[in-house]
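In what follows, a structure is listed as structure tokens, so that the remarks can point back to it.
The values are calculated or read from the model by the stated rules, or taken from the named source; none is laboratory data. Small disclaimer: the values here were computed from a predicted structure and weren't measured. Counting neighbours? That spans all protein chains shown, and the Cβs are built from the backbone with ideal geometry, glycine included.
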């Protein structure tokens, strides 16, 4: 959706210029975009059938006050070869409503399960050899300013491995002002089918402008089949732990 060297200012300008309904966005929201420091975009959902195309993109901006602002862009064509039309929304619910309208009333499917919630995504089926060879997602990071130090504290608190990050890491992450969660890869099935394992990256943006990540391995390779979380500072260490757990299974 944007070039590799596009500045945030240029990205915002292109979004507003190509949108058919940018005039309907609140003036206060447009004003907040003036303080955007950086941005990231990713595909949220897509529907392609019978020549009709509809895609929804999420554009997140990190503002100078440390907050984040998200815009939802719906791109659609009525037939193959048509020029894509763009609509821009401040709320995800409005974008979903527009998507349903464009699909003739068919509600687009919900996004993946929240990686920081209690549930797990059940639509990923990857065998252990494929899992261990998989590479992290190339999607851009969508940093969100939402009590990031507390998120880091919760990730570290649920770690059960003896070599988990220590107090020095906890102190460093108290300076985090935004974070991004990504499911790198994994396999999870319902409990009666044997559970599984997941790898998540929790990336943090610190006040000094640097980035650091916690790598969380979640699995059920325990004697009683309960969920267990292990957290590492290094991706390689997390992958090695995941390989050990897959052998146990």
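Only one residue in 64, 45 is at pLDDT 80 or above and not assigned by TED's automatic domain parsing to the domain that holds residue 147, so which one is that? Let's see the steps before the verdict.
Values: 45 fails: at pLDDT 80 or above.
Going through 64, 45 in turn, the sole match is 64.
Apart from one condition, residue 203 fits all of (1) over 30 Å from residue 54 (Cβ atoms); (2) at pLDDT 90 or above; the exception is (1).
Identify, from the list 163, 123, 150, the residue that is at pLDDT below 90 and surrounded by fewer than 17 Cβ atoms within 10 Å (Cβ to Cβ). It would help to see each step written out before you state the result.
Numbers: 163 fails: at pLDDT below 90; 150 fails: at pLDDT below 90.
The match here is 123.
Tallying residues that are under 20 Å from the mean Cα position of the chain (by Cα) and not in a strand (DSSP E or B) within the range 221-233 yields 1.
Against the numbered list (1) modelled with pLDDT under 75; (2) out of contact with any helix residue (DSSP H, G or I) (no Cβ under 8 Å at 6 or more places or on another chain), residue 2 comes up short only at (2).
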